[in-house]
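The values are calculated or read from the model by the stated rules, or taken from the named source; none is laboratory data. Predicted, not measured: the structure shown is a model, and the values here were computed from it. Glycine also receives a Cβ, built like all others from the backbone with ideal geometry; neighbour counts cover every protein chain displayed.
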Amino acid sequence: MAVTLAEFVKTAANEGQTLVPLYGNWFLRESNVLQLIPWASDKNLAVKITSMKTLPTVGWRKINGTPSESTGLSDQKIESKYIFGHYIDVDKVLVEADPNARMTQRQMSAEAMAFEFNDQFINGDPANDEFKGISKRIDDIYADGYTDQKFDAGSATTGRGMLYDTTDRQYFMDNVAKLIHVIDKHKPDALFMNSKMYLAFEAALRREGVLKQDADMFGRIINTYSSVSLIDIGIKADQSTEIITNAETGSGGTDETSIYAVKYGEGTDLWGIQQKALEVTDQGLYQGKPVYRDLVEWVVGLAVANPRALARAYGFVADNGAS
């Protein structure tokens, strides 16, 4: 059974572990993505996924007639896992000077891994030894003929952003409604966007009188719309570059951005695959050089069984004006 990282961290703490719960909570604090994804464990480095392609043909028959036969078709594909992690080395002199030096480096490591994971969740590319992120997956889904899963949601009027006036604001809301509707069962678990889009979205909801809020696992406020969490995916580990930029050009402008919709579910929609749960191993004083060493390692990937588990609306201009 798949479990979230948050559930695993809680179990590890209940079992008396100390390092993994600390590291895991630091990790989760910087990644709302990881608070939601269910992870299925399997020792293999590649997993065969079966996804529905076409439903069987059904019909009617007359009394004493013979039912027709039809079988649904499925696709099978291979999803791979990738090795994510690093060594945390702290010079023993620094540890002697400050007993908290290792803990400080562990927290910085967890935060860096969270930012990196958030980036790969959107932009990951197997050509760079990363798991395939949802941006490339949506491109593949679109190429397979599911054209509703990626669509132009550019401004209602050239030169105007989504907050220009009531018309443009409601046009934006119409496109968000479409983005939600194209997801499996018309109910995504989250909409992912950058910080500028998040604040503009909040402003639009507030002006339309439909802003609602919830809290994440750390009690921090999260905006919601139609019971769907709105998530600011944030910045990369360099602490400056947006994971989802404001410089997209898909709708003909130069200052556009996207919103991604995701639905989670092991074997049904999108879920995480791992060789085993996140490991943080204190290797003690390393023999090769005078450092205390930790090994952080997580062999992970993503899997998608339903092309309608993902969607992207692009072309939004997250302010009053547009280029």
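Side notes on the structure shown:
- For the stretch 200-211, filtering for residues that are out of contact with any Leu (no Cβ under 8 Å at 6 or more places or on another chain) and either part of a strand (DSSP E or B) or free of Cβ contacts under 8 Å to residues at least 24 places away in the same chain (or both) leaves 3.
- Qualifying residue in the stretch 308-317 (condition: in contact (Cβ under 8 Å) with a residue 24 or more places away in the chain, surrounded by fewer than 19 Cβ atoms within 10 Å (Cβ to Cβ) and assigned to a loop (DSSP other than H, G, I, E, B)): no
- Which listed residue is outside the structural domain of ASN118 (by TED's automatic domain parsing) and either out of contact with any Ser or Thr (no Cβ under 6 Å at 6 or more places or on another chain) or buried (at least 22 other Cβ atoms within 10 Å of the Cβ) (or both), from ARG220, ARG293: ARG220
- Only one of ASP216, ASP152 that is charged (D, E, K, R), farther than 24 Å from GLU266 by Cα, touching a strand residue (DSSP E or B) at 6+ places or on another chain (Cβ under 7 Å) and touching a residue at least 60 places away in the same chain (Cβ under 8 Å): ASP152
- Within the stretch 131-179, if we keep just the residues that are closer than 15 Å to ALA309 by Cβ and either among the polar types (S, T, N, Q) or in contact with a Ser or Thr (Cβ under 6 Å, 6 or more places away or on another chain) (or both), the residue that is surrounded by the fewest Cβ atoms within 10 Å (Cβ to Cβ) turns out to be SER135.
- Criterion: closer than 30 Å to GLU96 by Cα and either in contact with a helix residue (DSSP H, G or I) (Cβ under 9 Å, 6 or more places away or on another chain) or surrounded by 17 or more Cβ atoms within 10 Å (Cβ to Cβ) (or both) - qualifying residue of GLU242, GLU256, GLU279: GLU279
- So SER155, is it modelled with pLDDT under 95 and not aliphatic (A, V, I, L, M): yes
- The stretch 227-239 - residue that is of a type in the set (A, V, I, L, M) and part of a loop (DSSP other than H, G, I, E, B) and, of those, surrounded by the fewest Cβ atoms within 10 Å (Cβ to Cβ): ALA237
A quick yes/no check of all residues on (1) closer than 30 Å to ASP75 by Cβ; (2) touching a Gly at 6+ places or on another chain (Cβ under 9 Å):
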{"position": "TYR171", "(1), (2)": "no, no"}
{"position": "LEU191", "(1), (2)": "yes, no"}
{"position": "LEU205", "(1), (2)": "no, no"}
{"position": "LEU211", "(1), (2)": "no, no"}
{"position": "GLN239", "(1), (2)": "no, no"}
{"position": "GLY253", "(1), (2)": "no, yes"}
{"position": "GLU279", "(1), (2)": "no, yes"}
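- Any pair with Cβ under 7 angstrom, 6 or more apart, that starts in the stretch 170-192 at a residue that is under 23 Å from ASN32 (Cα atoms) and among the aliphatic types (A, V, I, L, M) and ends at one that is part of a helix (DSSP H, G or I) and modelled with pLDDT under 95: ALA190/LEU36
- Annotation: THR249 fulfils all but one of (1) of a type in the set (Ser, Thr, Tyr); (2) closer than 21 Å to ASP139 by Cα; (3) in contact (Cβ under 8 Å) with a residue 40 or more places away in the chain; the unmet one is (3).
- Filter result for ILE222 (closer than 26 Å to MET113 by Cα and not in a strand (DSSP E or B)): no
- The residue of the stretch 269-288 that is farthest from MET108 (Cα to Cα), among those that are in contact (Cβ under 8 Å) with a residue 40 or more places away in the chain and assigned to a loop (DSSP other than H, G, I, E, B), is ASP269.
- Hey, GLY265 farther than 20 Å from ALA203 by Cβ, modelled with pLDDT under 95 and among the small types (Gly, Ala, Ser) or not: no
- Of the numbered criteria (1) outside the structural domain of ILE244 (by TED's automatic domain parsing); (2) farther than 30 Å from TYR82 by Cβ, the one ASP129 fails is (2).
- Selection count, the stretch 133-157, where residues are closer than 23 Å to MET173 by Cα, among the small types (Gly, Ala, Ser) and touching a Gly at 6+ places or on another chain (Cβ under 9 Å): 4
- Residue satisfying all of: in the stretch 199-217; among the small types (Gly, Ala, Ser) and farther than 18 Å from ASP319 by Cα; surrounded by the fewest Cβ atoms within 10 Å (Cβ to Cβ) among these: GLY209
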